[in-house]
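Visitor: My questions all concern the structure below.
Here, each number is a calculation from the coordinates, and none is a lab measurement. Keep in mind that what you see is a predicted model, and the values were worked out from it rather than measured. FYI the Cβ positions are ideal-geometry reconstructions off the backbone, even for glycines, and counts take in every protein chain you see.
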Amino acid sequence: MVIFRSVTAAIGLFALGLQFWLMAQYPDARGLVTTAIKFFSYFTILTNTLVALSMLLPLIAPNSMAGRGLSKPSVRTAIACYSVIVATVYFVLLRNVGGDERLELVADRLLHYITPVMFTIDWLAFVPRGQVRWTTIATSLILPILYGLWTLAHGAVTGWYPYRFFNVARIGYLHTFTNFAVFISMFTVVALGFVVLDRVLARFKQQRSSL
């Protein structure tokens, strides 16, 4: 587990650093502060930051508040939910957008495929079973909802939106809110799937131990 989580954290931090460096080189980049704000305005970046921290902090600071919090099965389940959504949305809607190549393609693949898959594997292999409550479904929606509010507020002020399906300037508020409702529904369904899977795996483990 230690090796797997260390490797995942290293890959995640490398991918985040690479993506930030690439964004800082864009022709429309306007300083590190603006780049950082745009950087963390992508849900993919927020998710990968959580992945990297949840892999690293429980190893290097297991008794810290953050280390203990990120070790909780409910928290790791929410992050796994975000990871699945990131990979799915990228594959279905975004993988052919932008024509990324070379280092940009490397960053995209790491952030959207490799780290989400590795975190999901970690959830399946190392998260204690039977400890994920049904309330995790609701609490896992807090970050996506806050993210949606930030995206709309920041976009209204700057005119910049990280994703085309949330771009009010192009598609209008009605279409944007409809898309947002669809995405919240996706988060709900995926979170429900993880909670159910946790219970199924817990029951299977209990039956095996009783044999």
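Visitor: What is the local net charge at ARG199, summed over the other residues whose Cβ is closer than 13 Å to its Cβ (Lys, Arg +1; Asp, Glu -1)?
Guide: Summing Lys/Arg as +1 and Asp/Glu as -1 gives +3.
Visitor: In whole percent, what relative contact order does segment 2-210 give with Cα contacts below 8 Å and a gap of six or more residues?
Guide: Details: 203 pairs, mean separation 49.7, N = 209.
Normalised by residue count, the contact order of segment 2-210 is 24 percent.
Visitor: Here's another thing I want to ask about it. Separation of segment 151-181 and segment 1-71 by C-alpha centroid, Å?
Guide: What the calculation gives is 25 Å, centre to centre.
Visitor: Would you calculate the convex hull of the Cα atoms in segment 165-211 and tell me its volume per residue in Å³? Show your work: numbers first, answer last.
Guide: Numbers: hull volume 1.9 nm³, N = 47.
In segment 165-211, the Cα convex hull volume per residue is 39 Å³.
Visitor: So how do LEU50, LEU197 line up by other beta-carbon neighbours within 10 Å, fewest first?
Guide: Going from least to most buried by this count: LEU197, LEU50.
Visitor: Limiting things to C-alpha atoms, what are the Rg and the maximum Cα-Cα separation (Dmax) for segment 1-86, in angstroms?
Guide: Rg then Dmax for segment 1-86, in Å: 14.3, 44.
Visitor: Among rounded, prolate and oblate, which fits segment 88-211 when a ≥ b ≥ c are the square roots of the eigenvalues of its C-alpha gyration tensor, a/c under 1.5 means rounded, and a/b larger than b/c means prolate?
Guide: Oblate, since a/c reaches 1.5 and b/c is not below a/b.
Visitor: Let me ask another. At 25 °C and 0.890 mPa s, what whole-number value in µm²/s does Stokes-Einstein give for the translational diffusion of segment 76-125, with Rh from the Kirkwood sum over Cα pairs?
Guide: 218 µm²/s
Visitor: So, one more: Lys/Arg Cβ at +1, Asp/Glu Cβ at -1, dipole of segment 2-210 taken about the Cα centre: which of GLN206, GLY31, ASN167 is farthest positive-ward?
Guide: Selected residue: GLN206.
Visitor: Counting other beta carbons within 10 Å of each residue's own, what order do SER74, SER54, SER64 fall into, fewest first?
Guide: With the fewest neighbours first, SER74, SER54, SER64 line up as SER64, SER74, SER54.
Visitor: Can you give the local net charge around PRO62? Use residues other than it whose beta-carbon is closer than 13 angstrom to its beta-carbon, Lys and Arg +1, Asp and Glu -1.
Guide: That works out to +3.
Visitor: What's log10 of I(q)/I(0) for the chain at q = 0.14 Å⁻¹, Debye sum over Cα points only, no solvent?
Guide: -0.90
Visitor: If you don't mind, there's one more thing I want to ask. So which residue, out of VAL86, VAL200, VAL127, gets the largest mean-square fluctuation from a GNM of the chain using Cα contacts under 10 Å as springs?
Guide: Greatest mean-square fluctuation among the candidates belongs to VAL200.
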